[in-house]
Amino acid sequence: MLDKTPNKKLSDLLDQFGAALAAGDIDKAVDCFQDDCYWRDLVAFTWNIKTMEGRDQVRDMLASQLAKTKPSNWAIADGEDASENGGVLEGWIRFETAVARGFGHIRLKDGKIWTLLTTMVELKGHEEPAGFARPLGAKHGHGKNRPTWKEEREKEAAELGFKTQPHTLIIGGGQGGIALGARLRQLGVPTIIVEKNERAGDSWRKRYKSLCLHDPVWYDHLPYIDFPSNWPVFSPKDKIGDWLEMYTKVMELNYWSSTEARSASYDDTKKEWTVVVRRDGKDITLRPKQLVLATGMSSKANMPAFKGMDSFKGDQHHSSKHPGPDAYAGKKAVVIGSNNSAHDIAAALWEAGADVTMVQRSTTHISRSDTLMEIGLGSLYSEKAVQSGITTAKADLIFASLPYKILHEFQIPAYAEMKKRDAAFYKGLEKAGFMLDWGDDDSGLFMKYLRRGSGYYIDVGASELIIDGSIKLKGGVEVKEIREHSILFSDGSELPADLIVYATGYGSMNGWAADLISREVADTVGKCWGLGSNTTKDPGPWEGELRNMWKPTQQEALWFHGGNLHQSRHYSQFLSLQLKARHEGIPTPVYGLQQVHHKG
Ligand SMILES: Cc1cc2nc3c(=O)[nH]c(=O)nc-3n(C[C@H](O)[C@H](O)[C@H](O)COP(=O)(O)OP(=O)(O)OC[C@H]3O[C@@H](n4cnc5c(N)ncnc54)[C@H](O)[C@@H]3O)c2cc1C
């Protein structure tokens, strides 16, 4: 092997792997893997989002799926070269299945597969009309009373939901519902998105006034339309709102704003949902085959229930309802919580002249934005990455190729480096009494996001205000009682307050299923999000993938979609293909449907 080029080594392995799969020789195929191996499949083999860990799981999956999948044509992807570094050979690959074309990424150690990512790109015969196949738009030739594009769009909008039924109904028209709706539109799946707000983008517009995205622009693109190269690195919330509104229009989505989904039930015999939505004050019944809850992973507010809350004479609200600081100049503001929203809101209140105290109940991870951009995201999502040929699509796949089971191992050194680089900053925070953590295993922010969706702040300035005492800190205490004009704490101290902001986070998305469908269905599908890492707020057992997100659930025809802009963009591809296949009646034998270990 030593004198072979990386390309030759990889193509030899792919030939061997492909031949074993084609022959149905599972032992030989499994023999291509290291003992310590990971195969992450996004829909292509499993019709699921699933990581097989170790040879036994690979064998089990192949025993179930190989004959149904019929993979073939394994090769290094066109225009790509394998590379070898530090004993790991890696490359981009392509393959086909009986029904789809796939793309993937592979890493070899000692000539055997260490990590394999297989993703479904398109269903054969149902490709998106793009490139050479893009629609003509104009209708050349002539004919009497031919409808224009506008007339056809208006007719479709007038009929869908009334004369004809959507195949897929997406409840929630934030970035998640919008991105998925755009993909389904390109795939020709009749879809309606219902959104209770008046305008697309309002879920961002209605958030606190000072909010800008915490993630940089390269991480945030929507499918099909990238932000232009002069778009700001951290988009202000209202600008993102406007972009989403524009996107919804130009992508020709059937977007019902001012429409609230009120109830949903599934008919097992008809294989159909009955969903009642209230649009402009009128109830309309929709009968989709598939129902997607894109109601937001950060929008089901966790509102605490403290003794005496009813008696409080000032303003009090959850962070998601915080209007901004303007009315609170000269007032005493208390922010309960110490994660992103708490910091952003506290800083904005301080800027507006309020006297602000942050109540920190438990430790928080803090990454400084600049450092995080450089060390955490820079190699994949940055101008530098783009210049070196790492497109957003490639970055998404490289990221997806790192199995969750070992992702923390890649993160720990990065956060150790951050800790070293910003040592003085962290010392200052500790001196101010701020309780810091780096995640249970020092793997930092992103693992916390995946495991529990909370517990961190990306510092864009508020930490300095805590360090210099401008924002006061009350740490390590519990709220005992809310009084008419103050808060009483577990250590017996009392803090006067005109405003209390409960920055206490959000609940699991299956809570939306309880509200709209039933508690029983919410319990049947169980908790959404989290990996089962057995770390704080992410109870085991190990799941291997995020619970319930973008993949089949224990409730037939019910799906959850959401997450940050990166996840919305990336995973909407795989959810849209799963829905398209069902729309076309293509068999979708699901392997390894997730078991439910937690109700919510
Ligand atoms: C303060 C804050 C800062 C964040 N910063 C970032 C960031 O920098 N980068 C990033 O990528 N992510 C960020 N996120 C996380 C995430 O990207 C956002 O929460 C984002 O809005 C999620 O989009 P979504 O479409 O999944 O949900 P949402 O934007 O919450 O949209 C859900 C929609 O569902 C609608 N809805 C709910 N129930 C119904 C119903 N019954 N009928 C009709 N409509 C309904 C709601 O009105 C809402 O518009 C942040 C979140 C918060 C809270």
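The values are calculated or read from the model by the stated rules, or taken from the named source; none is laboratory data. Please read all numbers here as calculations on a predicted model, not as lab measurements. Note that we place each Cβ from the backbone using ideal geometry, even for glycine, and neighbour counts take in every protein chain shown. SASA here: full protein model, heavy atoms, side chains in, ligands and nucleic acids out. Shrake-Rupley method; radii C 1.70, N 1.55, O 1.52, S 1.80 Å.
Overview of values
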quantity	calculated
Farthest positive-ward along the chain dipole, Cα basis, beta-carbon charges - from LEU407, SER572, LEU349	SER572
Accessible area expressed per residue, the chain, with surrounding protein chains retained (probe 1.4 Å, Å²)	43 Å²
Antiparallel DSSP beta bridges within the chain, percent to nearest 5	55 percent
Carbon + sulfur, % of accessible area of the chain - ligands and nucleic acids excluded, 1.4 Å	50 percent
Cross-link partners of LYS480 among lysines (Cα-Cα below 18 Å; sequence separation of 8 or more within a chain)	LYS307, LYS313
Contact order normalised by residue count of the range 486-600, Cα under 8 Å, 6+ apart, percent	23 percent
Cβ crowding within 10 Å averaged over residues, with 585-591, 153-159 ranked highest first	585-591, 153-159
Dipole magnitude of the range 288-425, debye to nearest 20 (Cβ charges: Lys/Arg +1, Asp/Glu -1, about Cα centre)	440 debye
Separation of alpha-carbon centers, the range 140-217 and the range 231-265, rounded to whole Å	8 Å
All Cα pairs of the range 501-588, percent lying beyond 19 Å	49 percent
GluC sites (Glu not before Pro) lying in DSSP loop within the range 404-504, provided at most 11 other Cβ fall within 10 Å	GLU478, GLU484
For the range 17-68, size of Cβ-based charge dipole, Lys and Arg +1, Asp and Glu -1, in debye	260 debye
Descending Cα extents along the principal axes, the range 338-492, whole Å	58, 32, 27
Long-range Cα-Cα pairs in the chain (distance over 40 Å), rounded percent	31 percent
Column: log10 I(q)/I(0), Debye, Cα scatterers of the range 33-122, q = 0.13 Å⁻¹	-0.40
Between the range 1-69 and the range 411-442, the Cα center-to-center distance that results, in Å	40 Å
Distance between the range 533-600 and the range 328-385 - C-alpha centres, whole angstrom	31 Å
Residue pairs, from the table LYS237/LYS331; LYS163/LYS282; LYS9/LYS384; LYS237/LYS419; LYS28/LYS70; LYS427/LYS474, whose Cα atoms sit over 20 Å apart	LYS237/LYS331; LYS9/LYS384; LYS237/LYS419
The chain: calculated mean residue ellipticity at 222 nm from DSSP helix runs of at least 4, using -39500 (n - 2.57)	-9000 deg cm²/dmol
Rounded tilt (10° steps) of 55-69 against the dominant C-alpha axis of the chain	60 degrees
Label point at ILE225 placed 7 Å out along Cα→Cβ; residues across the range 174-197 whose backbone nitrogen lies under 16 Å	174-186
When the range 199-288 is reduced to its Cα atoms, the Kirkwood hydrodynamic radius in Å	15.5 Å
Listed pairs LYS271/LYS551; LYS289/LYS537; LYS124/LYS551 exceeding 30 Å between Cα atoms	LYS289/LYS537
Dipole in debye (nearest 20) - the chain, about Cα centre, beta carbon charges: Lys, Arg +1; Asp, Glu -1	1400 debye
Three-way shape label, the range 57-185, alpha-carbon gyration tensor, a/c 1.5	prolate
